[in-house]
Amino acid sequence: MLSRRSVRVKVMQTIYNWYQDPQLSRPEVVNRYKESVKQSYDLLLFNLRNVVLIARMSVEDKEKRNQKYLPTEDDRQFEPILYRNVVISSIEENKIFKNTKGKHYNDYLDVAQARKLYRNFCNTESYANYLKINEPSEEQHIEILLELWKYLIQDQLYLELVYDGFPIWIDDDTLVKGFIKRIVKGISTNQMIIEEFKPDEDTIKIYGETLLNDVIDHFAEYEKRLVPYLKNWDVDRIAIIDQILIKMALSEFIAFASIPTKVTLNEYVEIAKMYSTDKSKDFINGILDAVLKDLLDGEEIKKQGRGLLQ
């Protein structure tokens, strides 16, 4: 599920926590990293459950319309097709989705909040047009559920609920938004699609944990290596995030034979744009360019495969 950039961010955050609290034991540090990875998958399931829960409010809507003393023609014709369709039933039949029932996901979005979000969505033109369709196709069910998801991630109430339960949303929002769309589009023909978004063992453990442990193990050594490149800078005044990102890049240059040096350099410059100061991008780019040149000249980088030094 997680891209290597997402893993890099989680490793960076974990190292930052360790730097702020060096009394943390190594198992505690690694467990914090693993928990941050787990929360990303929990965040996906939480949002998927919310889409289903809010769609289910259409069943309650139908019951209330039936109870009206003077129902309108729209009331009589209304059917809870937002919930009763092949896409929602495919999600609810999924083994992983079933196992989320009764878990802590329910703590962050209760029925009253789901009801309010559903009522607000009812006022949208897209939902009104959907209800006018006689026997919607699967594609039309998919389209309206994607409209519901689009509405939710633009709604302030909903975003506050997500942030309350999962502060990591700020890091994983783009990833989760894309995966929810893919699940809605593909679940009816591929019941394994939710399983496919579980964190990949190679990316999370072999890459992520190795990077985390290598940087911590060689933190002081990497700092000494970088001193010559920082002669015009006061190390204590360099943002700690910048220091960590540079050391992570140095680790990838030296210890990860299968990652192209150009990829490493570009990735850490991009992460700096998102998580550090305005000047960090150019600073990190300049330092890493100089470091990489000297490492190559000294033949300290041993990459495997054609083009990995570029």
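Each reported figure results from applying straightforward, stated rules to the coordinates on display, with no laboratory input. Since the model is a prediction, treat every value here as computed from it, not as a measurement. Every residue, glycine among them, receives a Cβ derived from its backbone with ideal geometry; neighbour counts consider all protein chains shown.
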Query raised in the report: Hey, can you rank 256-262, 243-249 by average C-beta count inside 10 Å, highest first?
Result: 243-249, 256-262
Query raised in the report: When the chain is fully extended, how far beyond the present Cα-Cα distance does Ile240 get from Asn266, taking 0.36 nm per residue of separation?
Result: 7.4 nm
Requested in this report: Any chance you could check the Cα centroid distance between the stretch 235-279 and the stretch 106-175 for me, in angstrom?
Outcome: 36
Report summary line: In this structure, the FRET efficiency calculated for Thr174 and Lys198 from their beta-carbon separation, with R0 = 22 Å, to the nearest 0.05, is 0.75
Requested in this report: Give me the number: length gained by fully extending Glu160 to Arg182, i.e. 0.36 nm times residue separation minus the C-alpha to C-alpha distance, one decimal in nm.
Outcome: 5.5 nm
Report summary line: Among (i) 83, 39, 34; (ii) 90, 65, 28; (iii) 46, 41, 36, the value of Cα extents along the principal axes in Å computed for this structure carries the label (i)
Report task. Subtracting the Cα-Cα distance from 0.36 nm times the residue separation, let me have the gained length for Glu300 to Asn285 in nm, one decimal. Result -> 3.4 nm
Report task. Let me know the charge dipole size of the chain about its Cα centre in debye, to the nearest 20, where only the beta-carbon of Lys, Arg (+1) and Asp, Glu (-1) is charged. Result -> 340
Query - Computed FRET value (nearest 0.05) for Asn17 with Leu70, which takes r as the C-beta separation and R₀ as 45 Å - result: 0.15
Query raised in the report: Out of Pro199, Pro167, Pro71, any idea which swings most in a Gaussian network model of the chain, alpha carbons joined below 10 Å?
Result: Pro71
**Report entry** Distance violations [Cα-Cα > 29 Å] among Lys205/Lys231; Lys95/Lys181; Lys34/Lys262; Lys38/Lys95; Lys10/Lys150
**Finding:** Lys205/Lys231
Query raised in the report: Label points 7 Å out from Cα along the Cβ direction at Ser137 and Thr124: separation in nm?
Result: 2.1
Query - Qualifying lysines (Cα of each under 20 Å from Cα of Lys132; at least 8 residues distant if same chain) - result: Lys62, Lys64
